[in-house]
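Please treat every number below as a calculation from the coordinates, not as lab data. What you are looking at is a predicted structure, and each value in this text was computed from that prediction instead of being measured. Because the Cβ atoms are built from the backbone with ideal geometry, glycine has one as well, and the counts that use them run over all protein chains shown.
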Amino acid sequence: MAYRAEAPDGGWGWMVVLSAFFQSALVFGVLRSFGVFFVEFVTAFEEPAARVSWIASIGIAVQQFGSPVGSALSTKFGPRPVVMTGGILAALGMLLASFATSLTHLYLSIGLLSGSGWALTFTPTLACMSRYFSRRRSLAIGLALTGVGLSSFAFAPLFQWLLNHYAWRGALLLVSALSLHLVACGALLRPLSLAEDPVVGGPGAQITSLLRHGPFLRYTVALTLINTGYFIPYVHLVAHLRDLGWDPLPSSFLLSVAAISDLVGRVASGWLGDAVPGPVARLLMLWTTLTGVILALYPVAETPTGLVALTVAYGFTSGALTPVAFSVLPELVGTGKIYCGLGLVQMVESIGGLLGAPLSGYLRDVTSNYTASFVVAGAFLLAGSGVLITLPHFFCFSAPASKPQDLVTEALDTKVPLPEEGLGED
Amino acid sequence: MRALQGLRGRRAPSLPLLLLGLLAAVRRSLEDGLSTAAPFTSLPVQEEMTTKYSNLSLESHSISMTEHSNMPVEKNITLERPSNVELTCQFTTSGDLNSVNVTWKKGDKLLEDNYVVNATGSILYTQYRVAVINSKQMGNYSCFFGEKKQQKGTFNLKVPEINGKNKPLITYVGDSVVLMCKCQDCLPLNWTWYSGNGSVQVAIGVPVNDKYVISGKHANETGLKITQLSEDDQGTYWCHAIFELGESEGHVKLIVLSYLVPLKAFCAIAAEVVLLVAIILLFEMYTQKKKKPSDDGKELEQGEQLKLDDSNGIENSGPRHRKNESVGQ
């Protein structure tokens, strides 16, 4: 098999971007819009809302913790069969959920089965996309991740319409059919053989070499810290606004505004990440520091204009850090190990994501307002950006030496960090 | 004895005086009755009613109008249990208050008594009192001011409203469903359910069977549980709340679908996905086949060039070989 010396940076790569766009829509858009179903489940199964929301929590946890499995399998078999299998699993989970007679059925079918399906789809696709692009990697990732934001807008009304016409059983059946499109997206992922592939070896060898790679470990720590603070505004912003005396409708409208500026931030940062020379890690540090500062300023803002301005800025900067976070990984560990690296990073940073929201809630319960929560979130982000400074070539002002030949020689030392999709999920 | 005689004696000459006084009073009352029959004759009746129903609660409602009001003024009053009701209409006019004619009507029937009229300053007040004890006293009570240009104010006495569900409930064949009707702040005496086919309402649950179970956790709500749904169970269901003062109803619409309905949509979308996957994979195989013959052609060219290079020197073949490899991919 002939190996490419360089990433195509276009051509079929744009089809991979399209596939990643739809996949992020079908995985995270569905997860984000699932709240519409929860209301129906509460009345249908007569369970409290807290127990019903465990469905999404289990799904997200399985998706994140299962990422290394997805990436290890992709390294061995290529992304296409893994993603297609993941699509079938995700659709099967929803199909079985439509026959559920108790909440436990939903935990197992949507949480476990669909969750593992999602674990097999998202991470391999993002890694595959990182391999297809090198010069325009950030832009490609930014464009693909816009799928998450746009689908949240589209799926929430769509799901409500499905519920009105088919009740929750029929609606789940049709969401299962929707999730089958993940299989079609997987078919688009043509395997790419890059020069460093034979050097880096199989998944086991990759994972062990990644775990001994200093920069990769530091990067993982940084992303975990960032992930801990990242979700807090999305989870608590509306509650914080209600505490300040806002009505429910303007509060959720402000969240939509944040989602729009998040979208703009992702694309802008993607373009910027490619346009600016030097390691992308510096841009990541810039956006992370800005986001941390903005979060710390939240308790100070009392006026509506101040809060709106802060929320728009937060949406932009937090959206901006996602594609760049993913682009740093291939630069660190090379595109050969990107599948395994991405999986490992996703798994570790998910711990931060899972801890962040409950910690913030606990702080709120103890101090009776969200000041401490926002400040702690900002502190986590600033700590993460601090760790980023320790990455290699941080203070270089020339283009990073990420040529394939160098990566081949460095392949044995570096591990490919995978983009944190954790930052993209909500 | 002398006292008694004195009394008798005193009584005897005062009897004609008493009779005269009585006659004068009757005449006065008749005169009063002629001028304002309402305040005089209604008073004893009012007192009688209030003493009879004094243990009932009192509800007072008032509306005000001016002579220039364009729209008739209405007020909705919700009554759940028997109570005394006071309805007051205020009329503000710049003209002469005494010349304004005041009448009360229930529905279309003119009311003769139970109301008073008085005027303070430039406002004319009229108050109607009624003891509402059953559904006969419910309805619309209107006060009218003036003759030529009548101003009308209406009090609508109604039983509380029942909330069913505005959106239709969607269920599937074989499922079971609970239809709920709820009353916000009221406690009906009893609930009954009817299923409606057009305008005909058929009572449910009269023969108690397994299919229909009427239950309710609290007094202000009722639930009709229907098991083993079939498509015949589709339609509108009415819940009637029975109060002392009347009945109120709400409705819930039930739609029963068969599993085939979403299943057809699912199969259509699944077929579309299979088609997409087939197109993508076939397209890839087609482009790869296109590449292969051209690859063969290029390899032949490479071979020829190598032969040429061999004659020049071996060092040239190395880079060219690598370049051809990358092009061939």
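Label 7 Å along Cα→Cβ of B:Q228; region B:234-262 residues with amide nitrogen under 17 Å?
Residues passing the 17 Å test: B:234.
Within a 10 angstrom radius of the beta carbon, how do A:V366, B:V178 rank from fewest other beta carbons to most?
Values: A:V366 9, B:V178 13.
The most exposed by this proxy come first: A:V366, B:V178.
Over its Cα atoms, what ratio of radius of gyration to 2.2 N^0.38 Å does region A:169-214 give? Please list the in-between numbers first.
Working: Rg = 18.4 Å, N = 46, 2.2 N^0.38 = 9.4 Å.
Taking the Cα Rg and dividing by 2.2 N^0.38 Å, one obtains 1.95.
Sorting A:M285, A:M84, B:M285, A:M15 on the 10 Å Cβ count, fewest up front, what's the list? Don't skip to the answer; put the middle values down first.
Working: A:M285 23, A:M84 20, B:M285 10, A:M15 15.
Fewest-to-most ranking of A:M285, A:M84, B:M285, A:M15: B:M285, A:M15, A:M84, A:M285.
So what is the relative contact order for region A:239-339, in percent, with contacts set as C-alpha pairs under 8 Å and at least six apart? Present the calculation step by step, with values, prior to reporting the outcome.
Numbers: 88 pairs, mean separation 42.7, N = 101.
The value is 42 percent.
Using a Gaussian network for chain A with springs between C-alpha atoms less than 10 Å apart, which of these wobbles most: A:V17, A:V257, A:V221?
Comparing A:V17, A:V257, A:V221 in a Gaussian network model of chain A, the most mobile one is A:V257.
For region A:184-294, compute Rh as the Kirkwood radius over C-alpha pairs and then the Stokes-Einstein diffusion coefficient at 4 °C and 1.567 mPa s; write the answer in µm²/s, rounded to an integer.
Details: Rh = 18.1 Å.
The Stokes-Einstein estimate is 72 µm²/s.
Along the charge dipole of region B:133-228, Cβ charges K/R +1 and D/E -1, which of B:Y194, B:I214, B:Y141 sits furthest on the positive end?
The Cα lying farthest towards the positive end belongs to B:Y141.
What nm distance separates the two modelled labels at B:D175 and A:H165, each placed 7 Å from Cα along Cα→Cβ?
Placing both labels 7 Å beyond Cα along the Cβ direction yields 1.6 nm.
Evaluate the relative contact order of region A:319-381 (contact order divided by residue number), counting alpha-carbon pairs under 8 angstrom at least 6 apart; express in whole percent.
Numbers: 21 pairs, mean separation 11.2, N = 63.
Answer for region A:319-381 is 18 percent.
Could you pull the Rg and Dmax for chain A, using just the Cα atoms, both in Å?
When restricted to the Cα atoms of chain A, Rg and Dmax are 20.6, 64 Å.
Test of understanding: extend the Cα→C-beta vector of B:D96 to 7 Å, then name every residue of region B:107-148 with backbone N under 15 Å from that spot.
B:146-148
Starting with the fewest neighbours, write out A:W161, A:W271 ranked by other beta-carbon atoms found within 10 Å of each beta-carbon. Provide the component values of the computation, followed by the final result.
Values: A:W161 12, A:W271 16.
Result, fewest neighbours first: A:W161, A:W271.
Could you please state, rounded to a whole Å, how far the C-alpha centre of region B:212-279 is from the C-alpha centre of region A:69-123?
31 Å
Roughly what would the spin-label model give for A:I260 and B:N140, points 7 Å off Cα along C-beta, in nm?
4.8 nm
Taking one equal scatterer on every alpha-carbon of region A:66-152, how large is log10 of I(q)/I(0) by Debye at q = 0.16, 0.26 1/Å?
For region A:66-152 at q = 0.16, 0.26 Å⁻¹, log10 I(q)/I(0) is -0.70, -1.14.
Computed FRET efficiency, Cβ-Cβ of A:F38 and B:M285, R0 41 Å: what is it to the nearest 0.05? Intermediate results must be reported in sequence, preceding the final value.
Values: r = 44 Å, r/R0 = 1.07.
Efficiency for this residue pair is about 0.40.
Under a point spin-label approximation (7 Å from Cα along Cα-to-Cβ), what is the B:S54-A:A49 distance to one decimal in nm?
About 5.2 nm, to one decimal.
Scaled to the compact-protein estimate 2.2 N^0.38 Å, what is the alpha-carbon radius of gyration of region A:227-285, rounded to two decimal places?
Details: Rg = 15.4 Å, N = 59, 2.2 N^0.38 = 10.4 Å.
Compared with the compact-globule rule of thumb, region A:227-285 sits at 1.49.
Report the extension gain between A:L217 and A:S102 in nm, rounded to one decimal, defined as 0.36 nm multiplied by the number of residues separating them, less their alpha carbon distance. Each step should come with its number before you reach the end.
Numbers: separation 115, 0.36 × 115 = 41.40 nm, distance 4.21 nm.
Contour length minus Cα-Cα distance gives 37.2 nm.
Determine the shielding of peptide A:188-194 by partner chains: average, over its residues, the number of Cβ atoms on other chains within 10 angstrom of each Cβ.
Working: counts 6, 1, 4, 0, 1, 1, 0.
Counting Cβ atoms of other protein chains within 10 Å of each residue's Cβ and averaging gives 2.
Once you have the Cα-Cα distance between B:S62 and B:L187, take 0.36 nm times their residue separation minus that, and quote the gain in nm to one decimal. Don't skip to the end; give the middle numbers.
Working: separation 125, 0.36 × 125 = 45.00 nm, distance 2.57 nm.
Between B:S62 and B:L187, full extension yields 42.4 nm more.
Compute the relative contact order of chain A as a whole-number percentage, counting only Cα pairs closer than 8 Å that sit 6 or more residues apart in sequence. Display every interim value, and only then the final one.
Working: 860 pairs, mean separation 108.8, N = 426.
In percent, rounded to a whole number, it is 26.
What FRET efficiency would be calculated for the residue pair A:T208, A:I351, taking the C-beta separation as r and a Förster radius of 22 Å, to the nearest 0.05?
Details: r = 21 Å, r/R0 = 0.95.
Using R0 = 22 Å, I get an efficiency of 0.60.
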